[in-house]
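Undergrad: First, the structure itself, so that you have it in front of you.
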Amino acid sequence: MSVNPQNDLFDLLNALNSTLNVADAWQAGLVFFQKYGGTQISYARGRPDGSIAFLTTVPDWWINRYLENDYVTLDPFADISRAYFTPTRFDTRSGTFPISLSEPATQMLREYSETGANAGFVIPTMTPSTLQISGFNIANAMSPQEFSQFYRDRENVLVLAAHAVHHRCQALDPQLSQPEIHLASQKDIHYAPLSTRERECLLWLCKGLRNDAIAERMGISRVTVEMHLRNCRTKLDARTREQAVVTAIKQGFITP
């Protein structure tokens, strides 16, 4: 099937403008994403009550497993949708992700790959001020190399399409409350408060600084930085520093 990004995007925008409900907007988006190679496509949006509403093409057996096993609490796609603002590629079979994964999260990805989602990317659609889960997960059965080659010149148009579908769905139903939408509840977990120094260390870590650079910025020793980050991991029940950053963002302790 031949593609013309400019014309296809124009057609999508026209189709979205004529939709009257979220289901129709979602279907218009699917026509576009499937034309551009997507086979497993999901759209997730956090709601004020802490639950996550999502539309997806993944099989029912995976949806049931996801909800029954409360996978939302360890889903790395949700973490990326909340903490990143640019498209992020992944490989489910090798566990290649921009964040460190716990063993349960790695196992979840292996199971997810059984749906035919081998390689893909997450396209966050939130604004930096909301810190809510909001984004698309577009994947297919290609190898990572094939995926990279296929989307080399198509990623930008997919990002624009994802944002267009997101904004139309929000305009039609801001809470995504229509009955065909799946819901996954978020557990209310309370963490010990972080000190000002601990939050500052995590914020600089989030911005890509290493321990030495953080120490220089804050005017403290590297050992003190390591102590603060260790305390953060303990307070946030995080196995890695990256997981501590994601949890801190989720809890509103830091704003990237």
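Undergrad: Taking residue 64 as meeting all but one of (1) part of a helix (DSSP H, G or I); (2) of a type outside the set (Phe, Trp, Tyr); (3) within 21 Å of residue 132 (Cβ to Cβ), write down the number of the exception.
TA: Residue 64 satisfies every listed condition except (3).
Undergrad: Of the numbered conditions (1) out of contact with any Phe, Trp or Tyr (no Cβ under 9 Å at 6 or more places or on another chain); (2) crowded, with 16+ Cβ neighbours inside 10 Å; (3) over 19 Å from residue 24 (Cα atoms), residue 140 fails exactly one; give the number of that condition.
TA: (1)
Undergrad: Looking at the stretch 51-65 only, could you name the residues that are open to solvent by less than 30 Å² (accessible area, probe 1.4 Å) and either under 21 Å from residue 175 (Cα atoms) or of a type in the set (Gly, Ala, Ser) (or both)?
TA: Passing the criteria: 51, 52, 53, 54, 55, 56, 63.
Undergrad: Separate question: Could you please find all residues in the stretch 29-40 being open to solvent by less than 20 Å² (accessible area, probe 1.4 Å) and either part of a helix (DSSP H, G or I) or free of Cβ contacts under 8 Å to residues at least 24 places away in the same chain (or both)?
TA: Across the stretch 29-40, the qualifying residues are 29, 30, 32, 33.
Undergrad: In the stretch 45-69, which residues are more than 19 Å from residue 116 (Cβ to Cβ) and touching a strand residue (DSSP E or B) at 6+ places or on another chain (Cβ under 9 Å)?
TA: Residues satisfying the conditions are 45, 46, 47, 51, 52, 53, 67.
Undergrad: Among the residues of the stretch 67-101 satisfying the criterion of being assigned to a helix (DSSP H, G or I) and polar (S, T, N, Q), which is most open to solvent (accessible area, probe 1.4 Å)?
TA: 73
Undergrad: Go through the stretch 157-177 and report how many residues are modelled with pLDDT under 90 and either open to solvent by 50 Å² or more (accessible area, probe 1.4 Å) or over 16 Å from residue 42 (Cα atoms) (or both).
TA: Adding up the residues that qualify gives 4.
Undergrad: Cβ-Cβ under 8 Å, sequence separation 6+ or interchain: first residue in the stretch 92-110 and touching a residue at least 40 places away in the same chain (Cβ under 8 Å), partner assigned to a loop (DSSP other than H, G, I, E, B). Which pairs?
TA: Going by the 8 Å Cβ cut-off, the qualifying pairs are 92/117; 92/118; 100/239; 100/240; 102/74; 102/239.
The values are calculated or read from the model by the stated rules, or taken from the named source; none is laboratory data. Fair warning: this is a prediction, and the values are worked out from it, not measured in the lab. Cβ sites come from the backbone with ideal geometry, for glycine too, and all protein chains shown count toward neighbours. Ligands, DNA and RNA are stripped out before the accessible areas are found, and what is left, the full protein with its side chains, is counted by its heavy atoms. Shrake-Rupley method; radii C 1.70, N 1.55, O 1.52, S 1.80 Å.
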